[in-house]
1. Residue under question is LEU155, and the condition is that it be touching a residue at least 12 places away in the same chain (Cβ under 8 Å) and in a helix (DSSP H, G or I); does it hold?
2. Pick from PRO212, PRO164: which is surrounded by fewer than 14 Cβ atoms within 10 Å (Cβ to Cβ) and within 27 Å of HIS7 (Cα to Cα)?
3. Would you confirm whether any residue within segment 157-167 is basic (Lys, Arg) and farther than 29 Å from GLY13 by Cα?
4. Quickly run through segment 6-36 and pick out the residues that are assigned to a strand (DSSP E or B), under 16 Å from the mean Cα position of the chain (by Cα) and surrounded by 15 or more Cβ atoms within 10 Å (Cβ to Cβ).
5. Looking at (1) assigned to a loop (DSSP other than H, G, I, E, B); (2) at pLDDT 90 or above, which one does THR41 not meet, given that it meets all the others?
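The values are calculated or read from the model by the stated rules, or taken from the named source; none is laboratory data. Keep in mind that this is a model prediction, so the values were computed, not measured. In this analysis, Cβ positions are derived from the backbone assuming ideal geometry, glycine residues included, and neighbour counts consider all displayed protein chains.
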Amino acid sequence: MALHLDHIHARSGTFDLTADLRIEAGQRVAIIGASGSGKSTLLDVIAGFLPPVSGKVLWNGADITAKSPADRPISILFQDTNLFPHLTIAQNLALALNPATGRVRSGGMALIEERLSRVGLSGFGSRRLSEMSGGQQSRAALARVLVQARPVVLLDEPFAALGPALKDEMLALVAEAAEAEGLTVLLVSHDPKDARRFAQQSIVVEAGQVSPPQDTNALLDNPPPALRAYLGAG
């Protein structure tokens with residue numbers, strides 16, 4: 001079981017990205033690189049927002065290259081929480097379960113409450129964003145991802161606006177959920193401390209060139225020249 005980017009070549013405007021790699025199911029992987037190197041473009045290809053010029057995206061051997069984002073086994077959490085402020089948190093999660101109408105059966109409501117409880121928001125289903133702190137809103141956004149029960153989760157710096165303690169708390173929550181449910185998680189981060197804390201493996205993206213996953217600690221202990229310059233490692 002793996003996420004496989006098979007000789008991918010993608011283009012966004014005049015920017016080209018290439019990737020040829022496998023990520024084994026259940027891995028937590030950090031994506032590291034300078035701004036503009038192609039980290040978000042890589043996530044767009046995996047999520048289905050940017051069709052590749054050539055190559056294939058496969059999950060467990062099945063070709064998902066032509067599938068829409070909604071039909072992929074992938075959920076994504078952006079810096080924007082992607083929650084509607086006029087809806088309650090439970091209604092937001094219900095919309096994630098049933099995007100067409102937001103209506104769910106009784107079993108769906110039980111799942112919503114279970115996911116809220118998992119992220120420490122038991123009893124928060126009736127609240128709106130205006131009634132919650134920034135940390136609580138991030139927890140609700142994570143619950144929205146978890147309620148979709150998709151095996152691959154992409155995190156595009158969703159906790160960047162949080163303070164260090166809250167960010168650590170959220171990464172710990174994601175790691176706990178990933179471990180409990182066998183999720184494959186890809187985390188875009190500018191902070192090597194986040195990569196060391198969260199990810200067993202890391203991918204370096206440099207000028208549109210995506211490297212295969214490497215052991216995080218080994219990579220950061222002895223980074224290649226471009227990554228060393230980016231990290232300021234001397």
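1. On the way: touching a residue at least 12 places away in the same chain (Cβ under 8 Å): yes; in a helix (DSSP H, G or I): no.
For LEU155, the condition - touching a residue at least 12 places away in the same chain (Cβ under 8 Å) and in a helix (DSSP H, G or I) - is not met.
2. On the way: PRO164 fails: within 27 Å of HIS7 (Cα to Cα).
Checking each option against the conditions leaves just PRO212.
3. Here is the first cut: in segment 157-167, the residues basic (Lys, Arg) are 167.
Then drop every residue that is not farther than 29 Å from GLY13 by Cα, which leaves 167.
Yes: one or more hits.
4. To start, the set of residues in segment 6-36 that are assigned to a strand (DSSP E or B) comprises 6-12, 15-24, 28-32.
Checking the rest, the ones that are also under 16 Å from the mean Cα position of the chain (by Cα) come to 23-24, 28-32.
Across segment 6-36, the qualifying residues are ILE23, ARG28, VAL29, ALA30, ILE31, ILE32.
5. Among (1) assigned to a loop (DSSP other than H, G, I, E, B); (2) at pLDDT 90 or above, the lone unmet condition for THR41 is (1).
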